[in-house]
1. Got a number for residues in the range 7-21 being within 10 Å of the chain's Cα centre (by Cα) and surrounded by fewer than 19 Cβ atoms within 10 Å (Cβ to Cβ)?
2. Test ILE45 against the stated conditions and say whether it is of a type in the set (Val, Ile, Thr), modelled with pLDDT under 90 and surrounded by 16 or more Cβ atoms within 10 Å (Cβ to Cβ).
3. Just for the range 71-103: of the residues that are over 19 Å from the mean Cα position of the chain (by Cα) and either crowded, with 20+ Cβ neighbours inside 10 Å or small (Gly, Ala, Ser) (or both), which one is modelled with the highest pLDDT?
4. Quick one: THR22 ticks every box in (1) modelled with pLDDT under 90; (2) in contact with a Leu (Cβ under 7 Å, 6 or more places away or on another chain) bar one, so which box is it?
Amino acid sequence: MHLAREFMLLLGLGFIVAGLTTYLMTWILVIVHLRDHHPLERERIAGFMFRPRAFGWFLMRRYRALNDRSLNGLARLGSIGAWSIVIGIIAAISSKALGGIGA
């Protein structure tokens, strides 16, 4: 079981790194697109990219309400990255939990 715990930890860290990279790269593109085409939406979620409102905007796929195909294409990647971060955190916590029960 020790091997399973280590695998779960590495899997979680890999998901976090991959998701963070995707999220950071697409955030810049999405915020510029919002600035140019949807300034009211940008003001609504304005701020740092890891504010709960901005992160939740990606997780809940709220960009789809704007009916902008270009934005959907960009933001979908950010949404995948945000979910990868969440899944990676869950996997890392699960790994810690496996270690706590002596598995």
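The values are calculated or read from the model by the stated rules, or taken from the named source; none is laboratory data. Because the structure is a prediction, the values reported are computed rather than measured. Every residue, glycine as well, gets a Cβ built from its backbone with ideal geometry; the counts of neighbours run over all protein chains shown.
1. Residues in the range 7-21 being within 10 Å of the chain's Cα centre (by Cα) and surrounded by fewer than 19 Cβ atoms within 10 Å (Cβ to Cβ): 4 in total.
2. Details: of a type in the set (Val, Ile, Thr): yes; modelled with pLDDT under 90: yes; surrounded by 16 or more Cβ atoms within 10 Å (Cβ to Cβ): yes.
Against the criterion (of a type in the set (Val, Ile, Thr), modelled with pLDDT under 90 and surrounded by 16 or more Cβ atoms within 10 Å (Cβ to Cβ)), ILE45 qualifies.
3. Taking the range 71-103 as the starting set, the residues that turn out to be over 19 Å from the mean Cα position of the chain (by Cα) are 95-103.
Within this subset, residues satisfying the condition of being either crowded, with 20+ Cβ neighbours inside 10 Å or small (Gly, Ala, Ser) (or both) are 95, 97, 99-100, 102-103.
On the way: SER95: 89, ALA97: 85, GLY99: 75, GLY100: 70, GLY102: 58, ALA103: 52.
Filtering the range 71-103 for residues that are over 19 Å from the mean Cα position of the chain (by Cα) and either crowded, with 20+ Cβ neighbours inside 10 Å or small (Gly, Ala, Ser) (or both), the one modelled with the highest pLDDT comes out as SER95.
4. (1)
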